[in-house]
1. Output the 0 to 90 degree angle, nearest 10, between the alpha-carbon long axis of helix 351-367 and the longest principal axis computed from the alpha carbons of the chain.
2. Rolling a 1.4 Å sphere over the protein heavy atoms, what is the accessible area per residue of the stretch 285-334, to the nearest Å²?
3. Given labels modelled 7 Å from the Cα in the Cβ direction, how far is it in nm from H177 to Y37?
4. First compute the accessible area of the chain with a 1.4 Å probe, then give the percent of it belonging to carbon and sulfur atoms.
5. Among I281, Y294, L225, whose Cα sits farthest toward the positive end of the charge dipole of the stretch 222-310 (+1 at Cβ of Lys/Arg, -1 at Cβ of Asp/Glu, about the Cα centre)?
6. In deg cm²/dmol and to the nearest 500, what is the mean residue ellipticity at 222 nm of the chain if only DSSP H runs of at least 4 residues count, each as -39500 (n - 2.57), divided by the residue total?
7. Note down the nm distance, to one decimal, between modelled labels 7 Å out along Cα→Cβ at L115 and at Q145.
8. Below 8 Å, C-alpha to C-alpha, sequence gap of six or more: please give me the relative contact order for the stretch 45-95 in percent.
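The values are calculated or read from the model by the stated rules, or taken from the named source; none is laboratory data. Everything numeric here is computed off the predicted structure, so don't read it as measured data. Here the Cβ positions follow ideal geometry from the backbone for every residue, glycine too, while neighbour counts run over all protein chains shown. Accessible surface areas use protein heavy atoms only, side chains included; no ligands, DNA or RNA. Shrake-Rupley method; radii C 1.70, N 1.55, O 1.52, S 1.80 Å.
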Amino acid sequence: MNKYDYLVVGAGLFGCTFAHEATKAGKKVLVVEKRPYIGGDCYTEEREGIHVHMHGPHIFHCSQKYLWDYINQFATFNNFQLRVKANYKNKLYSFPINLSTMHEVWGVTTPAEGLKKISETTIPCENPKNFEEYAISQIGTDMYQMFIYGYTKKVWNKEPSLLPSSIIKRLPYKSYHCGRHYPDTDIYEGVPIGGYTQIFEKMLEKSDVVFNTDFFNHKDFLETLAAKVVYTGSLDQYFNYKYGKLEFRSLRYQIERHDGDYQGHAQINYTDEDVPWVRIIEHKHFEFKAHLPYTYISKEYPARYDGSNLPYYPINDEVNNALHKKYLQEAQSLPNLIVGGRLGEYRYQDMDVVLASALHTVQQELSNKI
Ligand code: UDP
């Protein structure tokens, strides 16, 4: 007889949410995690009272109250709202593009003037087939050259004309003054006071957790321990790459301590192709701790994913999506395998989307008797 009902592979947001709900319903869960810590890419580490987002900035934002209430069970959130600045050729601009940006670039002061300026350089496209066609049809060539082209080329190492438009659709464009990074529909937003890691610790309180354990080094043994496997890694690896490898892009984070206040803002993007990093994150500003006499920053450098670093961004072009679909169909034919998370689903997802997917999956699972 199996010792556990579920073996959860990966202690990120999907895996931890699944484990929390399953244990709450009386199931026995074992979580195996390759890294020495939980939380996946949401993991934060405390340094002198500042919670450093070790794998890039995570701001929880959503439009749906049930998701906000759910995550707030595990931590108290502050009312931080992400307002990015873009640094282009050493000048700072409000970003994503809104009327303040248009004022800074062109001096316009009303939405009508801004829209007129944008429309002078847009190239209308009824059915945009790629990132570049879509972006230029929305924001025009001037804004595209200043804020999008260089940044995107650095992050993805591809010409934007070879990328899917879904990537740029993540960024809102506003014809009024609004420096908020996320869409207006996301009425809930914040960062947990005390960092993200506490959330995952609470979620896993009733699970058994083993760290530093690569599932694939002990797959046959681990699978005998549980009735079902909840796998949150990349599916190509699960199937030993038999149809080929899924492509990802990675980032390298250079974390530095400095005296004082380094850039006076939580996130500044460097949109010029000639600057080697893509953005600088200053962590204390997520927590309203500008007064501290020291600071921690991360410089994010784009990086090739080579299997030894972390697979951050799925490259959702047609070829990769078709490959993922093939793996997923095979996974879905295995009755004891559940797949989820950003890697398993091979989608560029924000935390609220992963959380919603995990809750949906575990509720469906628990309503089926095992
Ligand atoms: N992007 C850009 N300029 C920026 C910020 C973003 O061109 O200053 C584009 C880029 O292609 C990026 C995408 O918009 O991959 C999504 O950006 P987001 O800020 O959502 O990236 P994340 O925070 O997920 O890394």
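1. 30
2. Accessible surface, normalised per residue, equals 52 Å².
3. Distance between label points: 3.9 nm.
4. 50
5. About the Cα centre, the residue reaching furthest to the positive side is L225.
6. Helix-only estimate at 222 nm: -9000 deg cm²/dmol.
7. Computed distance between label sites L115 and Q145 equals 2.5 nm.
8. 19
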